[in-house]
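In what follows, a single structure is set out as structure tokens and then discussed.
The values are calculated or read from the model by the stated rules, or taken from the named source; none is laboratory data. Values in this document were obtained by computation on a predicted structure and should not be read as measured data. Ideal geometry is used to build each Cβ from the backbone, glycine not excepted, and the neighbour counts take in all protein chains shown. For accessibility, only protein heavy atoms count, side chains too; no ligands or nucleic acids. Shrake-Rupley method; radii C 1.70, N 1.55, O 1.52, S 1.80 Å.
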Amino acid sequence: MTGSETAEGRVTALDHARLLLARANAQKKAQRGEADEEETRLTAAGAAGRVPSVARVQQALDTAGVDRELPTHPAVSGLLAGASLRGGSVYSVRGSAALVMALMAGPSAEGAWCGVVGVPSFGAEAARGLGVDLERLVLVPDPGREWLSVVAALVDALTVVVVRPPGEVTPGEASRLAARLRTRGAMLVAYGSWPGSEARFEIESNTWTGLGDGEGLLTARRATVAVTGRRAAVRARHDLWLPGPDGTIRSAEPAEASGWQQEWADQIGAVG
């Protein structure tokens with residue numbers, strides 16, 4: 001790829017995010033006093049396959065609010081001691097794409113739009129299996145140097161934005177985006193560290209199960225997740241299935257853990 005082609009791709013990614021926001025805002029204004037006319041215009045535009053997606057994005061814009069509670073996956077709520085995810089906040093995750101998807105799944109299941117920036121390896125089908133609605137998912141795999149501008153634009157239109165920064169995020173960059181998040185009531189999920197995170201989730205240890213007598217498929221992952229809250233003085237640890245044998249993300253109960261430990265011991269003995 002030439003330098004000019006790379007630059008063009010970066011502009012396209014940023015322009016796409018800005019166009020999404022502009023169309024959604026224009027639609028919102030039109031709907032205030034011209035609902036019938038707007039419905040007709042959207043129906044006609046549906047033939048082009050472009051405006052209906054913006055109409056669905058509008059659901060997020062209409063329900064945006066500062067410091068609001070967001071629908072939260074039960075496993076994530078358990079990590080937060082029963083609390084809900086908060087709009088206007090940043091959560092950082094280290095060591096688990098499945099946990100990132102679980103953070104997205106709660107809001108997505110209730111109709112929220114989500115975006116993923118800078119994660120070309122993002123597993124859309126895996127996300128679907130964990131509860132993320134792909135019909136309301138915007139992917140910007142390679143935003144290039146404009147990544148922060150792309151994230152800021154999507155924050156204005158979507159409820160949840162996931163980002164993998166290309167390098168260390170400065171306090172100034174984090175502060176500017178935090179103001180935008182609070183204004184829109186959106187939530188940011190960062191792969192890796194992020195200054196001022198509401199909560200940080202890190203996989204401290206994990207073990208896969210499913211291997212039999214020297215062969216088999218990995219079917220479940222049991223992980224210990226360390227959670228550090230901005231308002232908490234101590235670290236909490238939780239055991240989760242990421243995912244469990246049934247494909248879901250959930251807490252690993254003590255009795256269940258004992259069964260898992262015996263199964264793993266049997267497998268270790270089987271393979272020598």
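Using only the Cα atoms of the range 143-198, what do you get for the radius of gyration and for Dmax, in Å?
So, for the range 143-198, Rg and Dmax equal 10.2, 26 Å respectively.
Tell me the carbon and sulfur percent of the accessible area for the range 69-198, rounded to whole percent, probe radius 1.4 Å.
Carbon and sulfur: 49 percent of the exposed surface of the range 69-198.
Mind listing the phi-derived Karplus ³J(HN,Hα) values for the range 99-110, rounded to whole Hz, using 6.51, -1.76 and 1.60 with θ = phi - 60°, and x for any glycine or proline?
Once rounded to whole Hz, the list reads 5, 4, 5, 5, 5, 6, 4, x, x, 4, 5, 9.
Can you compute the FRET efficiency between E69 and S251 using 1/(1 + (r/R0)^6), with r the Cβ-Cβ distance and R0 = 25 Å? Round to the nearest 0.05.
On the way: r = 21 Å, r/R0 = 0.83.
So, using R0 = 25 Å, E works out to roughly 0.75.
Mind checking the per residue accessible area of the range 86-219 for me, 1.4 Å probe, whole number of Å²? Please list the in-between numbers first.
Values: 5460 Å² over 134 residues.
Using a 1.4 Å probe on heavy atoms only, each residue of the range 86-219 averages 41 Å².
If amide hydrogens are placed 1.01 Å from N in the peptide plane, which non-local residues have theirs closer than 5 Å to the one on R94?
Counting only residues 5 or more places away or on other chains, the set is G192, F201, E202, I203.
Figure the gain on full extension for N206 and R182 (residue separation times 0.36 nm, minus the Cα-Cα span) and round it to one decimal in nm. Display every interim value, and only then the final one.
Working: separation 24, 0.36 × 24 = 8.64 nm, distance 3.43 nm.
Full-extension gain reported as 5.2 nm.
Ordered by packing density, taken as the mean number of other Cβ atoms within 10 Å over each peptide's residues, highest first, how do 171-183, 116-128, 89-101 rank? Working shown, then result.
Values: 171-183: 14.7, 116-128: 16.2, 89-101: 22.3.
Per-residue mean Cβ counts within 10 Å order the peptides as 89-101, 116-128, 171-183.
Percentage of Cα-Cα pair distances in the range 114-176 greater than 14 Å, rounded to whole percent?
On the way: 1113 of 1953 pairs.
It works out to 57 percent of all Cα pairs.
List the residues, sorted by chain then number, that are 5 or more residues from A220 or on another chain and whose placed amide H is less than 5 Å from its amide H.
Here the answer is T209, since their amide H atoms fall under 5 Å of that of A220.
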